[in-house]
Amino acid sequence: MTAPITPLIAGNWKMNGTSVSLGEVRNLADRLAAGTPPRCTIVICPPATLLERLSEIAGPAGIVTGGQDCHTATSGAHTGDVSAAMLADAGAQYVIVGHSERRTNHAESDATVRLKALAAMAADLIPIICVGETEAERDAGEAGSVVVDQIAASIPAEWTGKGIVVAYEPVWAIGTGRTPTSADIAQMHLTIRRELETRFGERGSAVRILYGGSMKPSNAAEILAIANVNGGLVGGASLLANDFHAIISAV
């Protein structure tokens, strides 16, 4: 029998935040310390410039940290890039790979995402592998096949079960305030779960599948109650302690 999955709430700060923003993390840490222990794993993925300092603040509060991206190589002549080993050295335990903004703005392919996931695993980081369809693909009735194809090409066959996370993010819902219906989310997460189980068997049953796409305090409880939704990849709402704590509390 597969053990229950511990939910994961991950905050992706994107290209937001300076040292002043660390006050929000301290606020969140104080709220967590004063309340009921959270029923989920909490991850914050800040810009690389804040990762080490944020890790020092977050660790004592039981919050873990992650990077927003990593290079496929461990080191080398890659100006401006950050390796998975560097993220781990700065305190990260997770790293987001294949976010739709990276796929779109930097033309990252499924093959590149797979190599980044492998690099993360080699550095003992847990990759949060993002998949999701565009509005045109959904309107064409191709959402399910697009996501299944992304999973097949983005998750390394070499995965041993030590730890990966899949985040479903309908591209058209990111930062727009729009969200799919509960039925749409349930169907896609079931599709992802079946694909993971087909490919990896019992290991696939234990993978956490996050929903990402305009999750906020007002809709978190409804989304997190959907079958096969094992947490959320939260964007803008993770920048504010009040909003992020409300989502954590919705688990």
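The values are calculated or read from the model by the stated rules, or taken from the named source; none is laboratory data. All of these numbers come straight from a predicted model, not from anything done at the bench. Neighbour counts are summed over all protein chains in view; Cβ atoms, including those assigned to glycine, are modelled from backbone coordinates with ideal geometry.
Numbers at a glance
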| quantity | calculated |
| --- | --- |
| Residue that is farthest from Ala173 (Cα to Cα), among those in the stretch 121-149 that are part of a helix (DSSP H, G or I) and touching a Phe, Trp or Tyr at 6+ places or on another chain (Cβ under 8 Å) | Met121 |
| Residues located in the stretch 179-216, provided they are among the polar types (S, T, N, Q) and either free of Cβ contacts under 8 Å to residues at least 40 places away in the same chain or closer than 22 Å to Gly98 by Cα (or both) | Thr179, Thr181, Gln187, Thr191, Thr198, Ser205, Ser214 |
| Residue count for the stretch 191-233, restricted to those that are assigned to a helix (DSSP H, G or I), closer than 23 Å to Ile126 by Cβ and not aromatic (Phe, Trp, Tyr) | 16 |
| Subset of the stretch 7-48 that is β-branched (Val, Ile, Thr), at pLDDT 95 or above and not in a strand (DSSP E or B) - its residue that is nearest to the chain's Cα centre (by Cα) | Val25 |
| Meets criteria (surrounded by fewer than 20 Cβ atoms within 10 Å (Cβ to Cβ), in contact (Cβ under 8 Å) with a residue 60 or more places away in the chain and closer than 27 Å to Leu22 by Cα) for Ser249 | yes |
| Residues being closer than 11 Å to Leu22 by Cα and among the hydroxyl-bearing types (Ser, Thr, Tyr) - total across the stretch 37-62 | 1 |
| For Ala143: the one exception among (1) surrounded by 18 or more Cβ atoms within 10 Å (Cβ to Cβ); (2) within 29 Å of Ala225 (Cβ to Cβ); (3) under 16 Å from the mean Cα position of the chain (by Cα) | (3) |
